[in-house]
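Have a look at the structure below before the remarks.
The values are calculated or read from the model by the stated rules, or taken from the named source; none is laboratory data. Values in this document were obtained by computation on a predicted structure and should not be read as measured data. Methodologically, a virtual Cβ is constructed for each residue, glycine included, from the backbone with ideal geometry; neighbour enumeration extends over all protein chains shown.
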Amino acid sequence: MNNDKFFADIFVHLHPDSLFDDRGKLEKELCESSGVFSVHFDEDELRHAIFIAYNPEVVASETILEIIRKSYAKAVKVASILMRVRS
């Protein structure tokens, strides 16, 4: 029996002109989405970046990007990483 579990990270760039007022609302919406484990805005070097950890078997990165684009229309997926954990 295969008990592999998959986890993924997505890195999304927000346009530098993006407003920061919607971050709390967006973080809450993403965290409440099925399959999302964590949401992190970088406040230092990459101030216009958001990192999301999620289960790709539950939610697609395109769906996450659609949620982000409701608040940040110019958001661009920069990178994603898929990890498999064997148990």
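Structure summary
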{"read-out": "Matching option when the condition is of a type in the set (Val, Ile, Thr) and modelled with pLDDT of 90 or more, among Val12, Val78, Val58", "value": "Val58"}
{"read-out": "Neighbours by Cβ (under 6 Å, 6+ apart or cross-chain): first from region 69-85, closer than 14 Å to Leu26 by Cβ; second assigned to a strand (DSSP E or B) and hydrophobic (A, V, I, L, M, F, W, C)", "value": "Ala75/Val12"}
{"read-out": "Counted residues, region 23-41 - those being touching a Phe, Trp or Tyr at 6+ places or on another chain (Cβ under 9 Å) and without any contact (Cβ under 8 Å) to a residue 24 or more places away in the chain", "value": "7"}
{"read-out": "Subset of region 18-48 (residues that are surrounded by 16 or more Cβ atoms within 10 Å (Cβ to Cβ) and at pLDDT below 90)", "value": "Ser18, Arg23, Leu26, Glu27, Phe41, His48"}
